[in-house]
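> Handing you a structure now.
The values are calculated or read from the model by the stated rules, or taken from the named source; none is laboratory data. These figures come from a predicted structure and were not determined experimentally. Heads up, the Cβs are rebuilt from the backbone with ideal geometry, glycines too, and the neighbour counts pull from every protein chain shown. All accessible areas refer to the heavy atoms of the entire protein, side chains included, with ligands and DNA or RNA removed. Shrake-Rupley method; radii C 1.70, N 1.55, O 1.52, S 1.80 Å.
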Protein chains: 2
Amino acid sequence: MKWPEKIIIKEVGPRDGLQNEKRIVPTDVKIDWINALSNTGLSYIEATSFVNPKWIPQLGDAMEVVKGIERNPDVTYAALVPNKRGLESALEANIDEVSVFMSASESHNQNNINKSIADTYPVLREVIEEAIRNGKTVRGYVSTVFGCPYEGDVPFEQALRVCDQLFDYGIHELSLGDTIGVASPMQVEQFLEVALKRYDKSKVALHFHDTRGMALANIVKSLEYGIVTFDASLGGLGGCPYAPGASGNVATDDLVHMLDKMGIETGIDAEKLMQASLIIQNSLQTPLPSHQMAVFNASK
Amino acid sequence: MKWPEKIIIKEVGPRDGLQNEKRIVPTDVKIDWINALSNTGLSYIEATSFVNPKWIPQLGDAMEVVKGIERNPDVTYAALVPNKRGLESALEANIDEVSVFMSASESHNQNNINKSIADTYPVLREVIEEAIRNGKTVRGYVSTVFGCPYEGDVPFEQALRVCDQLFDYGIHELSLGDTIGVASPMQVEQFLEVALKRYDKSKVALHFHDTRGMALANIVKSLEYGIVTFDASLGGLGGCPYAPGASGNVATDDLVHMLDKMGIETGIDAEKLMQASLIIQNSLQTPLPSHQMAVFNASK
C-alpha cells in the first residue's frame, strides 16, 4: 500500500497524561519536561488545561506552566479550555491554540462536564467564536466516539452530529477520541469510511487509548485511510480512569518507534524523547508503561 | 476491506511462554493449566519441548506433562523437538504433531542451537522425514525472519531460503517468527508480498512478539494478506530473552479480544481463557503482561 511520507504527532501527555495520574507533578518538573519535549522535534504540545482546579487539581498550575515554559517558535502550544472563563485564562497566558471537548455519548458528556450535549453546544460555540476573534485556532476533541463506558457502542451518526456541530462553529481540526480504548481496526475502518465522506482527512486527527493494546493497530488502519495526525502521550502516561492500572494514551515513543521502523517521517528524535521520558518517570517514581520504556528500564 | 471470517490461534504459552520464564512452574500446575486451555475452544496447543533439560530446565518435565494431560479430541497437541532424540521422546509421548525450529540468521542459529544453518538442515530433514514416517505432521518454525539480535535486518531471500528447505523436507505449516519483536507492519507487508508468491497462505502462520508493542498491528496487516493462523501465548507469558522485562509473545487473550471486537471467529471463549490465565498467574505470583490481564488485575 501507499503509506504517508510524514506524520504529525500531537503530544498530549502534559494534559491528558498528567490529568489521569494520581500524583501531582510539581510545576517546575512540568516546565522542565515541556521544555525537553519542545526540543525533541515535536511540532505540537498540549501543555495543560485551564479547567477548575477543583475538578482536576493535577493541572491547577496551568497559568504558571504556560508562563514558565520556554517557547520554541517551531512548536504550537495548546491548552484545553472547558468554557469562557478557561478561554480568558488561556488568552491571558497567550497560548497558541485552544482545544475544546465534549462527548459523543450523552451520559459520558453528562458525567464528564456535568451538562447535556444540547447544553454543551452553546458553551463551546461561544468559546470557539471568541477564540477565533482573538486570532486563535481551535481544536475540537470528541470523546467516546468508538464506545462509551456507560452506554457501550455509540452510533456513528450520533458521533458525527457532534463533529458536524464543532466544525460548524469553526474548529480547524477534529480529534476523534477512543476514550476508553475499545476501538478495533475494523471499527476504525468502518467509521473512517463514513467520516471521510464528510470531512477532509487533513482536518481529522485520531486519539487512541491503548487500554486493550489495539492503539498501534488502529493507527496503522488510520494511516491506510490517509490520516496523518495522531495524538499521543509520552511513555503512555496517564492510564485510564475507567480501568485503573490499564494503559492510557498510545505512547508517543511507541508510535515514533513504529513509524521510524517504517521509514515514515515524524521529525521527532527518539533519543531526545527518551531523555524527556526520564524527567517525568523520575518525578512520578514509577515506570512509564510504554514498550520503549519497558525495554529501556529492563536494560538498566 | 474483506476480513477473514475465522482465525486459528495456536497457543504456544506452555512452550514458548514458559521457556522464557525464570521461575520453573511445577508439573502439576502445567498439567492443570493445559487441561484448562484444552477446554477454552483452542484447537492447537504446543504443550512442551523435548529439548535437553540442561538447556531449558523449565521444560525438563516434558514427558510427564504430555502423559499427564487429559487429551481433548478437538485439540491438536504439539511439542517442539530439536533432533532425533527429541523426536523419539515425542513419539513415545504420542504427541499429535511435532515442531522443528531453526533461524533465518546464521548467528542466531549458531547461538540458539549451536550449529551453523548448513549443519542444521540434515538434522531437521531426518526429524521431519522420520516424524512423517510415524504418521505425524510437522510444523516448521523459522526464527529471526524480521530481524536478528546479532545481525539486525535479515534479507528476505535469506529467510525464504530456509523456509524453502523446510517445505522441501515436508513440513505442512511454516511459522514465521519475529523472535525479538522488531517487525513493523510495513515490513510484514513487504515480506508477505514476496513470501505469498512462493507459499500458499493457508500454510503460513505468523509468530509475533510484542516487545515493541507492534504485534497486534502486524497481525492486522497479516489478516489483510489473508493469513489466518497466528501463534500466541496466554497472558503474554514469556518475555524476551534479549530484552528482559519487555513483553513476550503476543498475548492470546489480547488477540482473542481484538478479533472478538471485529466479529472474527476464533472459537475461543474469552472468559474461560481468563480462568486459564489465573492458573498460571497464580503459580508465577506475578502479573501477566497482557492488556486484558492488566485491566482484570486492576479491577480486583
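> Within region B:193-207, count every residue that is within 21 Å of residue B:250 (Cβ to Cβ) and among the charged types (D, E, K, R). Write out each step before concluding.
Kept after step one, since they are within 21 Å of residue B:250 (Cβ to Cβ), are these residues of region B:193-207: B:195-196, B:201-207.
Next, only the ones that are among the charged types (D, E, K, R) stay: B:201, B:203.
So the answer is 2.
> So residue A:192 ticks every box in (1) open to solvent by less than 10 Å² (accessible area, probe 1.4 Å); (2) under 18 Å from the mean Cα position of the chain (by Cα); (3) not acidic (Asp, Glu) but one. Which box is left unticked?
Here residue A:192 clears every test but (2).
> Output the residue which, of all residues in region A:113-147 that are over 20 Å from residue A:204 (Cα atoms) and not in a helix (DSSP H, G or I), is most open to solvent (accessible area, probe 1.4 Å).
Only one residue tops the list, namely A:114.
> While we're on this one: Can you tell which of A:220, A:204 is of a type in the set (A, V, I, L, M, F, W, C) and touching a Pro at 6+ places or on another chain (Cβ under 9 Å)?
Details: A:204 fails: touching a Pro at 6+ places or on another chain (Cβ under 9 Å).
From the options A:220, A:204, the qualifying one is A:220.
> So, one more: Determine which member of the set B:42, B:91 is open to solvent by less than 40 Å² (accessible area, probe 1.4 Å), modelled with pLDDT of 95 or more and aliphatic (A, V, I, L, M).
B:42
> Could you list, ordered by first residue, the pairs with Cβ atoms under 7 Å in which the first is in region A:1-27 and within 18 Å of residue A:50 (Cα to Cα) and the second is open to solvent by 40 Å² or more (accessible area, probe 1.4 Å), at least 6 apart or interchain?
What qualifies is A:20/A:241; A:24/A:57; A:27/A:64.
> So residue A:180 ticks every box in (1) surrounded by 24 or more Cβ atoms within 10 Å (Cβ to Cβ); (2) within 14 Å of chain B (Cβ to nearest Cβ); (3) not acidic (Asp, Glu) but one. Which box is left unticked?
(1)
> With a cut-off of at least 2 residues that are farther than 19 Å from residue B:90 by Cα and among the charged types (D, E, K, R), name the strands (runs of 3 or more DSSP E) lying wholly within region B:8-80.
none
> May I pose another question? Is it the case, given these coordinates, that residue B:85 is in a helix (DSSP H, G or I), over 24 Å from residue B:54 (Cβ atoms) and open to solvent by 10 Å² or more (accessible area, probe 1.4 Å)?
no
> Let me ask another. Are there any pairs with C-beta distances below 8 angstrom linking a residue in region B:146-163 that is farther than 24 Å from residue A:258 by Cβ to a residue that is part of a helix (DSSP H, G or I), with the two at least 6 apart or on different chains, and if so which?
So the pair list comes out as B:160/B:194; B:160/B:195; B:160/B:198; B:162/B:117; B:163/B:195; B:163/B:198.
> For region B:275-300, give me each residue that is at the interface with another protein chain (Cβ under 9 Å from one of its Cβ atoms) and at positive phi.
Hits for region B:275-300: nothing passes.
> Now, a different point. Which pairs turn up if I take residues in region A:110-138 that are free of Cβ contacts under 8 Å to residues at least 12 places away in the same chain and look for partners that are among the small types (Gly, Ala, Ser) and open to solvent by less than 80 Å² (accessible area, probe 1.4 Å) with beta carbon separation below 9 Å, at least 6 apart in sequence or on another chain?
A:110/A:103; A:110/A:116
> Go through region B:94-112 residue by residue and tally those that are of a type outside the set (Phe, Trp, Tyr), open to solvent by 10 Å² or more (accessible area, probe 1.4 Å), under 30 Å from residue B:41 (Cβ atoms) and touching a Ser or Thr at 6+ places or on another chain (Cβ under 7 Å).
Filtering region B:94-112 for residues of a type outside the set (Phe, Trp, Tyr) gives B:94-100, B:102-112.
This time we only want the ones that are open to solvent by 10 Å² or more (accessible area, probe 1.4 Å), so: B:94, B:96, B:106-107, B:110-112.
If we keep only those that are under 30 Å from residue B:41 (Cβ atoms) too, we end up with B:94, B:96.
Imposing the further condition that a residue be touching a Ser or Thr at 6+ places or on another chain (Cβ under 7 Å) reduces the set to B:96.
Looking only at that region, the number is 1.
> If we scan region B:208-228, do we find a residue that is surrounded by fewer than 20 Cβ atoms within 10 Å (Cβ to Cβ), on the phi > 0 side of the Ramachandran plot and in contact with a helix residue (DSSP H, G or I) (Cβ under 7 Å, 6 or more places away or on another chain)?
Yes.
> Can you pull out every residue in region A:203-238 that is modelled with pLDDT under 95 and more than 11 Å from chain B (Cβ to nearest Cβ)?
Matches in region A:203-238: A:237, A:238.
> Got a number for residues in region A:49-71 being polar (S, T, N, Q) and surrounded by 18 or more Cβ atoms within 10 Å (Cβ to Cβ)?
2
> I'd like the full set of residues that are modelled with pLDDT of 95 or more and closer than 17 Å to residue A:215 by Cβ, limited to region B:239-259.
Once the filter is applied, which keeps residues that are modelled with pLDDT of 95 or more and closer than 17 Å to residue A:215 by Cβ, region B:239-259 yields B:250, B:251, B:253, B:254, B:255, B:257, B:258, B:259.
> Look at region A:258-272 and say how many of its residues are within 14 Å of chain B (Cβ to nearest Cβ), touching a residue at least 24 places away in the same chain (Cβ under 8 Å) and surrounded by 15 or more Cβ atoms within 10 Å (Cβ to Cβ).
Qualifying residue count, region A:258-272: 5.
> To continue, here is another question. Residue pairs, Cβ under 6 Å, 6 or more apart or interchain, first in region B:184-198 and within 10 Å of chain A (Cβ to nearest Cβ), second surrounded by fewer than 21 Cβ atoms within 10 Å (Cβ to Cβ) and in a helix (DSSP H, G or I). List them.
B:184/A:261
> Check residue A:247 against each of (1) facing chain B (nearest Cβ under 9 Å); (2) touching a His at 6+ places or on another chain (Cβ under 9 Å); (3) open to solvent by less than 10 Å² (accessible area, probe 1.4 Å) and name the one condition it does not meet.
(3)
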